[in-house]
1. Quick check, is E13 within 19 Å of P104 (Cβ to Cβ), open to solvent by 40 Å² or more (accessible area, probe 1.4 Å) and modelled with pLDDT of 95 or more?
2. Would you list the helices (runs of 4 or more DSSP H) that sit entirely within region 1-120 and hold 2 or more residues that are within 23 Å of the chain's Cα centre (by Cα)?
3. Looking at this structure, is E206 assigned to a helix (DSSP H, G or I), surrounded by 11 or more Cβ atoms within 10 Å (Cβ to Cβ) and of a type in the set (D, E)?
4. Which of the numbered conditions does G95 fail, given that it passes all the others? Conditions: (1) open to solvent by 70 Å² or more (accessible area, probe 1.4 Å); (2) at positive phi.
5. Please specify each residue of region 2-54 satisfying the condition of being without any contact (Cβ under 8 Å) to a residue 12 or more places away in the chain and of a type in the set (G, A, S).
6. Scan region 137-165 and report the pairs whose first residue is closer than 15 Å to N118 by Cα and whose second residue is among the small types (G, A, S), with Cβ atoms within less than 8 Å and a gap of 6+ or a chain change.
7. Please tell me if L76 is crowded, with 19+ Cβ neighbours inside 10 Å and over 27 Å from E114 (Cα atoms).
8. Which pairs turn up if I take residues in region 89-103 that are closer than 12 Å to S70 by Cα and look for partners that are open to solvent by less than 90 Å² (accessible area, probe 1.4 Å) and of a type in the set (F, W, Y) with beta carbon separation below 7 Å, at least 6 apart in sequence or on another chain?
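The values are calculated or read from the model by the stated rules, or taken from the named source; none is laboratory data. Given the structure is predicted, the values throughout are model-derived calculations rather than measurements. As a convention, Cβ positions derive from the backbone with ideal geometry for all residues, glycine included, and neighbour counts pool all protein chains shown. The protein model used for the area step is the full one, side chains on, heavy atoms only, and it has no ligands, DNA or RNA in it. Shrake-Rupley method; radii C 1.70, N 1.55, O 1.52, S 1.80 Å.
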Amino acid sequence: KWVLSLYNRLIGEVRENIDRYELGIAVSKLYDFIWDIFCDWYIELVKPRLQEKGSASNVAAQNTLTYVLSNTLKLLHPFMPFITEEIWLSLPHNGESIMVSAYPEYKEELNFPESVRNIEFMLEAIRAIRNRRAEMNVPPKRLAKVIIATADKALFADKEPYFKRLASASELCVVDSCNDEGTVRIITNACEIFLPLADIVDTDAERERLTKELEAAESEIKRAEGKLSNAEF
């Protein structure tokens, strides 16, 4: 529902841009949707379902992938006619050519604002965790417990598989509040996130890294002070 809603929104925006001859803006929106929404997030989110061969969830995921991809190719076709035709013909399709297929139209029934809200809050939390781990040089393979404190616990109640796959979580705990010491605290629009330091930081290695940074900073200060104390400089 999340990806269908965003795809449907894309249709309305691209058609409006084309009507106004804002072709560059239309292409930019298509680029962002294909890379950021469809490839970076949706495909990653449904990979576990694609491995459940024969299940209803697997079939639904395949149908959604095919529907969104084939129709996004139609949106892109006026700008990239040959490659879109080739890919479209390799997918399940109706008709002989993408060139004579109907251009996608906005459909009010494909709007699911609640689903968009729920998934966006989850993705915001995953991005925040990834960014903080990157800032702290935590390797992706190092798993950490993720504690989420929020007044709306239902938002994250069934999201543990996604945090395990995409945020290197060993487990997900959703609570009303958290005052644990020895954690890294991250704040998003929907929640507070706590990562136990013991899970993400090798204290000896981190102490060594910070010591080297301190020594380098002190050396730079001395060098600068030496130059500033020289009247000729």
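1. So E13 passes the test.
2. Because the criterion is at least 2 residues that are within 23 Å of the chain's Cα centre (by Cα), the helices (runs of 4 or more DSSP H) in region 1-120 that meet it are 2-19, 23-32, 43-50, 56-76.
3. Yes.
4. Only one criterion in (1) open to solvent by 70 Å² or more (accessible area, probe 1.4 Å); (2) at positive phi is unmet by G95, namely (1).
5. Result: G24, S28, G54.
6. I148/A125; T150/A190; D152/A190; L155/A190; F156/A125; E160/A169; F163/A125; F163/A169
7. yes
8. Short answer, once both residue conditions are applied: I98/W88.
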